[in-house]
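Asker: Before anything else, here's the structure in question.
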């Protein structure tokens, strides 16, 4: 009997509790405990992925009870990949954030690591679980930790942004819970596979329709799809950098994963695309999200804020792609979950390095940064190219699949939105490059600030940043392999 | 179960909820909110959900109200709506 | 905003009412929700777990994994309140009461500390009269509340209650101590460090029991694998496992509730409050 | 009237939970005071709990604690009929939901205290004015 599926989630949880104890006994221990927990988790996730590729879906029965009675973890190719993605990003970020956590949270680093680990535990659990209610509890864990973290960042605006996030987050989670209640009323079960089996017999029911709408709205609120995105930019840009680096790439992507999981495993394509026929409306929603996100990003003057609007835009890609209703679109959406998580992580790592040295990332403060922090900027440029979709980087390939899917489904407006947003991103990032490269530092910073000597960020941050940026190209070159060994077999 | 009693309790719950969000004094809101939780707990006990009712009695009517009063003590009682 | 809110609320209400159209009648014993899983739990749970309170059996055993995260949520809330509000700076001004004359002194110099004891008494800025009746009644009540809380935790297998309710009751008995005396009394008796350690320790007991099951060769939280290391009737092993878990929940919840209360009521200063 | 009454009796719990939820949601969106919004949030969550508890109810059934089972071994001598006991699963789920809601409530209260410390107000419109006062963000 091997316990890797459980260990993925339990190791960070145990580490969180031990770190919570260490806060009161010896605070310095908490960092190494956290590192160890996430290390074990990453290793187990890798093992599980290998097992799934070789032997197929793994089931793990919690407390030893058979599925509909107990809670089960059901790990197939999609889960396994998402789990590995989350745990490795969290691990790498922890490696990079040793210095910046001490800088930002001074005497509370131990508690920071505890909350950070609980957040990662929640995300891992969300991706591993096969139970609808367990999913709700885990979503709430991730949300509660994010509320705390957002409030810790900016002293002036953090708490207010966080409270707004609480209100919207609670509405989202409650809608999801209500949807699960409607499903439970009709099926009497909470296990995803079991619910799917019972649902196939009662597809015409209005209760199931309402449950579907409620669950989808709840998850869209949590993932910040365009009209429901208002909490995201403030929340993410005011949180401490070490946390923003992990919440920005992972939180929304995991919610997209949840949406795809519920669409495929619980409701089924037949129900969504043939019985309901909602595809067109949602693809339009995705199109609007892409354009709105891109346009709003264009009007920002703060680099962190600008990146958060790019996240809003990317969510449009994935939602639209998943709802195109064909295999290519879904492949593109799933591939984009991985790629976008990596790209956003690389961008935020670079921004983290800048914040560590500069304290603010207003665009006007970035003048002459190429000369001062060449390695950080190299990582930033690579990540930006990937967001724009320049060929050897991974961002290009997922966009390619999405555009092919859009043409196959006849959703030309979606394809047009993809291309326009790529152009807008190109404009955006070249504006940033121009500021960083051509305008020199001395002219911009007038008399108020004494000239500060800016050097490159600490080596630990640079190594991680460089590694992730290079991996963008590597993942891009191997995206054919990923599609063929993981995504296509999963969709079959 | 006697549905008229149930109906009266339910109406009372709604009355408490509306009162709690429309009173112009936050301490009053705290107490009305406690009353709301308590009547809700009664309703659940009538429906046979004893464990849920027990939890709501200790959490909703107990600890939540205390947190609420504590927060009002540290902020202000005044509200415009 | 009001108008927008009204529209959103009406839309949601219509959607929900539309959904209720196909609901089975309220209290219908043959509704789908009441036959599929529910019947299994009602008929098999006592046999399989030896716990007559089905809610506890399902909560701590069949769905014990949920409950573990629920406890982690409470722990997380306590930690979040600590992180958000805790302020280690000392307050500058202090208030004292001269006990024989009832005169109140306001000390503005932060360095000057009066010795409290027979003559002077520490006071809160927002003055609370010390009421003899309230103090005495609470002093008598608190031990009984605590014993009741322990009963609720321990008897959760047979009657309504369990770790969470018991923990909340125990926590509120400590809060009552703070309200009837003053916050300093509570903080002096139970140090912040102790609360922090207990909050983590409670959840750790839960996760630890699960991990021990895993080490003994079962799945995570599979209490039946604990037989070799737990003395007593092997048939009751699941009930004993649940009891252990509930104790962990109780400890964590008690500590978390007190942490949240102290931090909110004193704005993280831990000196004066309700 | 005669055929309306059974309909009301059959569904009124479900309708009233919708009303409670609408009250809570309205308070969350439209109220100006942050603490009032928090009350709305709690009403919203309790309404959902009411809904779940209503799902679990069964006519002519008792609370989900098996009778005469204290003995342990001889418990399964007596046959247990599923129709005699209320469905325990929604209760379990709602215990978890209550705990989650009180945890959120505690954190939200702490946030409200933090906001008041910084801005000396909890009214949203005043807060928006203060935010403009402190100037562009850093």
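Laboratory data are not the source of any read-out in this text; all were calculated from the coordinates shown. Predicted, not measured: the structure shown is a model, and the values here were computed from it. Because the Cβ atoms are built from the backbone with ideal geometry, glycine has one as well, and the counts that use them run over all protein chains shown.
Asker: In whole angstrom, note down how far apart the Cα centers of segment C:196-220 and segment D:100-119 are.
Answerer: Distance between centres, Cα-based: 30 Å.
Asker: Evaluate the relative contact order of chain A (contact order divided by residue number), counting alpha-carbon pairs under 8 angstrom at least 6 apart; express in whole percent.
Answerer: The value is 13 percent.
Asker: Residue C:7 versus residue C:141, label points 7 Å from Cα toward the beta carbon: distance in nm?
Answerer: The modelled label-to-label distance comes out at 5.0 nm.
Asker: Please sort D:114-125, C:5-16 by packing, taking for each peptide the average over its residues of neighbouring beta carbons within 10 angstrom, highest first.
Answerer: D:114-125, C:5-16
Asker: Helix C:163-180 versus the longest principal axis of chain C: what angle, 0 to 90°, nearest 10, using Cα atoms?
Answerer: That works out to roughly 10 degrees.
Asker: Given contacts defined as C-alpha pairs under 8 Å and at least six residues apart, what's the relative contact order of segment A:279-492, whole-number percent?
Answerer: It comes to 28 percent, rounded to a whole number.
Asker: Stokes-Einstein at 20 °C, 1.002 mPa s, Kirkwood radius from Cα pairs: D for segment A:112-225 in µm² s⁻¹?
Answerer: 142 µm²/s
Asker: Using a 10 Å cut-off on Cβ atoms, rank the peptides A:314-323, A:293-302 from the highest mean neighbour count down.
Answerer: Highest mean packing first, the order is A:314-323, A:293-302.
Asker: How large is the Kirkwood hydrodynamic radius of segment C:75-153, counting all unique pairs of alpha carbons, in Å?
Answerer: Computed over segment C:75-153, the radius equals 16.3 Å.
Asker: Given points 7 Å out from each Cα along the Cα-Cβ axis, report the residue B:25 to residue A:206 separation in nanometres with one decimal.
Answerer: So the label points at residue B:25 and residue A:206 sit 4.5 nm apart.
Asker: Run a plain Debye calculation on segment A:213-280 (Cα atoms as equal point scatterers, no solvent) and give log10 I(q)/I(0) at q = 0.17, 0.21, 0.22 Å⁻¹, rounded to two decimals, same order as the q list.
Answerer: Once normalised to I(0) and log-transformed, intensities are -0.68, -0.90, -0.95.
Asker: Label-point separation (nm) for residue C:115 and residue A:378, each offset 7 Å from Cα along Cα-to-Cβ?
Answerer: Each label point lies 7 Å from its Cα, and together they span 6.9 nm.
Asker: Further question on the same structure: For segment C:137-274, what are the per-bin percents of Cα-Cα distances with bins 5 Å wide, up to the bin holding the maximum?
Answerer: Going out from 0 Å in 5 Å bins, segment C:137-274 shows 2, 11, 17, 18, 16, 13, 9, 6, 5, 2, 0 percent.
Asker: Need one value for C:164-171: mean number of C-beta atoms belonging to other chains within 10 Å of its residues' C-beta atoms.
Answerer: For peptide C:164-171, the averaged partner shielding equals 5.
Asker: Also, I was wondering about something else. Partner chain Cβ atoms within 10 Å, averaged over the residues of C:217-224 - can you pull that number for me?
Answerer: Taking the mean over all residues of the peptide, I get 6.
Asker: Can I ask one more? With the Cα gyration tensor of segment A:270-400 in hand, give its eigenvalues times 5 under a square root as the equivalent ellipsoid semi-axes, listed largest first in whole angstrom.
Answerer: The three semi-axes for segment A:270-400 are 33, 16, 10 Å.
Asker: Restricting to DSSP H runs of at least four residues, report the calculated mean residue ellipticity at 222 nm for chain B, -39500 (n - 2.57) per run over all residues, nearest 500 deg cm²/dmol.
Answerer: -24000 deg cm²/dmol
Asker: Would you please put A:423-432, A:136-145 in order of how densely packed they are, using the mean number of other Cβ atoms within 10 angstrom per residue and starting with the highest?
Answerer: Going by the mean number of other Cβ atoms within 10 Å, highest first, we get A:136-145, A:423-432.
Asker: When only Cα pairs under 8 Å and 6 or more residues apart are kept, what is the percent relative contact order across chain C?
Answerer: This gives 24 percent for chain C.
Asker: How high is the FRET efficiency from residue D:117 to residue C:194, r the C-beta distance, R0 30 Å, rounded to 0.05?
Answerer: It comes to 0.65.
Asker: While we're on this one: Once you average over the residues of A:126-133, how many Cβ atoms of partner chains fall within 10 Å of each Cβ?
Answerer: 2
Asker: Still on this model: Quick check on segment C:1-141: what does the Kirkwood estimate of hydrodynamic radius come out to from the alpha carbon pairs, in Å?
Answerer: After inverting the pairwise mean of 1/r, the radius is 23.0 Å.
Asker: Helix C:192-215 against the longest principal axis of chain C: what's the angle in degrees, Cα atoms only, rounded to the nearest 10?
Answerer: 20 degrees
Asker: When the expected Rg is taken as 2.2 N^0.38 Å, what fraction or multiple of it is the alpha-carbon Rg of the protein assembly as shown?
Answerer: 0.92
Asker: Counting only helical runs of four or more DSSP H residues, what would the 222 nm mean residue ellipticity of chain C come to if each run contributes -39,500 (n - 2.57) and the total is spread over all its residues?
Answerer: Rounded to the nearest 500, the figure is -19500 deg cm²/dmol.
Asker: Looking at segment A:279-492, what % of the alpha carbon pairs are farther apart than 25 Å?
Answerer: 40 percent
Asker: Here is a follow-up. For chain C, restrict the atom set to alpha-carbon positions and state the Rg and Dmax in Å.
Answerer: My reading of the Cα-based Rg and Dmax gives 24.8, 74 Å.
Asker: Which order results if C:124, D:60 are arranged by neighbouring Cβ count within 10 Å, fewest first?
Answerer: D:60, C:124
Asker: If you don't mind, there's one more thing I want to ask. Using the Kirkwood radius over C-alpha pairs as Rh, can you work out the diffusion coefficient of chain A via Stokes-Einstein at 10 °C, viscosity 1.306 mPa s, in µm² per second?
Answerer: D, rounded to a whole number, is 70 µm²/s.
Asker: Here's something else I'd like to know. Can you give the translational diffusion coefficient of segment B:3-74 in µm²/s, computed by Stokes-Einstein from the Kirkwood radius over Cα pairs at 20 °C and 1.002 mPa s?
Answerer: D = 172 µm²/s.
Asker: Nearest 500 deg cm²/dmol is fine: what mean residue ellipticity at 222 nm does chain A get from its DSSP H runs of n ≥ 4 alone, each adding -39,500 (n - 2.57), divided by its residue count?
Answerer: -25000 deg cm²/dmol
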